[in-house]
1. When the residues of the range 516-555 are narrowed to those that are open to solvent by 20 Å² or more (accessible area, probe 1.4 Å) and aromatic (Phe, Trp, Tyr), which ends up farthest from Asn462 (Cα to Cα)?
2. Identify all residues within the range 241-265 that are open to solvent by 20 Å² or more (accessible area, probe 1.4 Å) and assigned to a strand (DSSP E or B); write none if there are none.
3. Are any of the residues in the range 302-325 of a type in the set (D, E, K, R), out of contact with any Asp or Glu (no Cβ under 8 Å at 6 or more places or on another chain), open to solvent by less than 60 Å² (accessible area, probe 1.4 Å) and at pLDDT 95 or above?
4. Which of the residues belonging to the range 271-297 are in a loop (DSSP other than H, G, I, E, B), open to solvent by less than 20 Å² (accessible area, probe 1.4 Å) and of a type in the set (A, V, I, L, M, F, W, C)?
5. So which strands (runs of 3 or more DSSP E) are wholly in the range 393-482 and hold at least 1 residues that are open to solvent by 50 Å² or more (accessible area, probe 1.4 Å) and farther than 30 Å from Glu521 by Cβ?
6. May I ask you to list pairs of residues, at least six apart or on different chains, whose Cβ atoms are under 8 Å apart, with the first in the range 372-384 being under 20 Å from Ala185 (Cβ atoms) and the second being acidic (Asp, Glu) and assigned to a loop (DSSP other than H, G, I, E, B)?
7. Give all pairs with beta carbons closer than 6 Å in which a residue from the range 324-350 that is farther than 16 Å from Asn432 by Cα meets a residue that is of a type in the set (Lys, Arg); count only pairs at least 6 apart in sequence or on separate chains.
8. With at pLDDT below 95, touching a helix residue (DSSP H, G or I) at 6+ places or on another chain (Cβ under 9 Å) and small (Gly, Ala, Ser) as the only criterion, which of Ala254, Ala283 stands out?
Amino acid sequence: MRSSTWRWAALLLALTMVAAACNSATTDTTQPAENTETTNTPTGGDEVKNPGLLVHAADDEPSTLDPAQVEPGEGGETVILQVYERLLEIGSGGPDLVPGLATEVPTVDNGLISADGMTYTFKLREGVKFHDGTDFTASDVKYSWDRAMEMDLPEGAAGVLSDIVTEVRVVDDFTVEVELQKASAAFLNTTVVAMVSSIVSEDAVEANGGIVAGEQNDFMQGNMVGTGPYTLTAWNRGENIQLEIYDDYWGTPAFLDVRIEIGPTPDVRVLGLRAGDFDTIEADPSFIGEIEGAEGVTIFGEGLTVEPIHIGFNLNIPEGALPAEDTIPTNFFHDPRVRRASNHAFDYQGFIDGALGGFGDFNPHYIPQGIFGYDPAAPVYGTQDLAKAEELFTEAGYCPDGFVVSVITEEANLFETAALVLKDSLESLPCNIEVRVLAVAEAQFDDAHAQDPIEYAMWVKNADPFADPHSYLSSYQHPDGEWGVIHGFANGYADPQKVADLIDAAEVELDADARAAIYSELQFLLYDDPMWLIAGQEGVVAAYRSWLKGWESNPLWPRPSLKFALIDK
């Protein structure tokens, strides 16, 4: 999450004013703000600056440009998306897959997925050349995937491949087969489109250090030899990254060269956009007040990010670990009434209207809107119901005597705002509740968040972005998944085996309708037995000069959720 301290301070003030205006009565639910795209047409004299060049202002610098090394969510993914390609890509209109370096999306019906779901066949494009002039073949696919798994760098995402792939086989120059460890309906959406699965030039890598297990490749860390619509021409560290249109690209060529300005502050980004020096900037809802009404600037506010903001309930608190002020027992969240009461108490509408500026929506447990399997009919905690919260806390024995509980979060950002909304919500109950918000520096929070077990009852952060529901449910809901183990979900689920069985069944169900039905059942079940409080799903907010043409954004693409090759001016 990008920081913009002073903006969030303003939002915190606004939120405080909203909270002060509210009484303890149940808040009515209204529809969240409609998605918007606001264009402020220039009044004249608006000459396009930097013709032939797209200037994007990013908020940080990549640590690497090597697909085998890049960390998911890190700035390097922005460049890798533009320069490298994958066998399949996520299309511009939503979550649907489209052919990339493969000519067809494998299905059981077209015979490219075996009947047992264990073998995937990819037919590859012919006539594709890497940026170094070498030919793209099936050998490059096998080399790229094997390379990432053999290097297995700790900061990278090799597990996306090695956790599911048994073997990549070259059938002929333009056909590869992938053998899986088990049938997986998530393989295409989770593995094949991931940045770590990008196809690199075998010749280029072998000429520049080759593959060494456990070690980064210094050449690939700062150089790129892909097949995409752009070539990397310069990385001036601390200043900018320059991309040039690849003239021999096999597909639709890009319109504009690209310069990515690295790390200008939020203020500089806003001023540069207003002046027309930047065509696009990385933005979030906190920028709206500074940009709204600016001449020649369009504010894009359609769709939702796929990183729900969540408050974790810890069911695995070590004895004696909680802050001294906390009075809750270590098994506090084992009781589903406590988890449901917390969910009913939260002021969701206040959070979305205040902190997110209306750019957001509610999220069920736990598939984000925009992801396959999201069921709009599933129940969602979106209405503050203080009476129900009081009733459940009373039944659980925590009202009216109350309790003290701490929640840890990063300071001066959206997560702190969510924690403060939780504090205001719970303390508005007639239950003598005190919530201590421990807002700390990012590094201190990261240390606490990386503990296993965690020594706090609650924490606030956002989810990692994924393109398939299995990744969300295995990470955040499965009792044997990453957070299920750390937080001890098995201590709290009414039927942990049923939750595990449903998630496991959906993973291997290749029939889309049957798979969606399983995820629907899970969303109802997890509403009644919540392991998280999901504050909201943040809206996509971007700002760009109105002279741009062909603007398309997809939150499933690495941030800033743009493919620069589609944009013209």
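The values are calculated or read from the model by the stated rules, or taken from the named source; none is laboratory data. Because the structure is predicted, anything quoted here is derived from the model rather than measured. Note: ideal-geometry Cβ built from the backbone for every residue, glycine included; neighbour counts use all protein chains shown. Just the protein is used for accessible areas: all its heavy atoms, side chains included, with ligands, DNA and RNA removed. Shrake-Rupley method; radii C 1.70, N 1.55, O 1.52, S 1.80 Å.
1. It comes out as Trp547.
2. Gln242, Glu244, Ile245, Asp257, Arg259, Glu261
3. no
4. The answer is Ala283, Ala294.
5. The qualifying strands (runs of 3 or more DSSP E) are 433-440.
6. Qualifying pairs under 8 Å: Phe372/Asp468.
7. Going by the 6 Å Cβ cut-off, the qualifying pairs are Phe333/Arg339; His344/Lys388.
8. Only one candidate passes the filter, namely Ala283.
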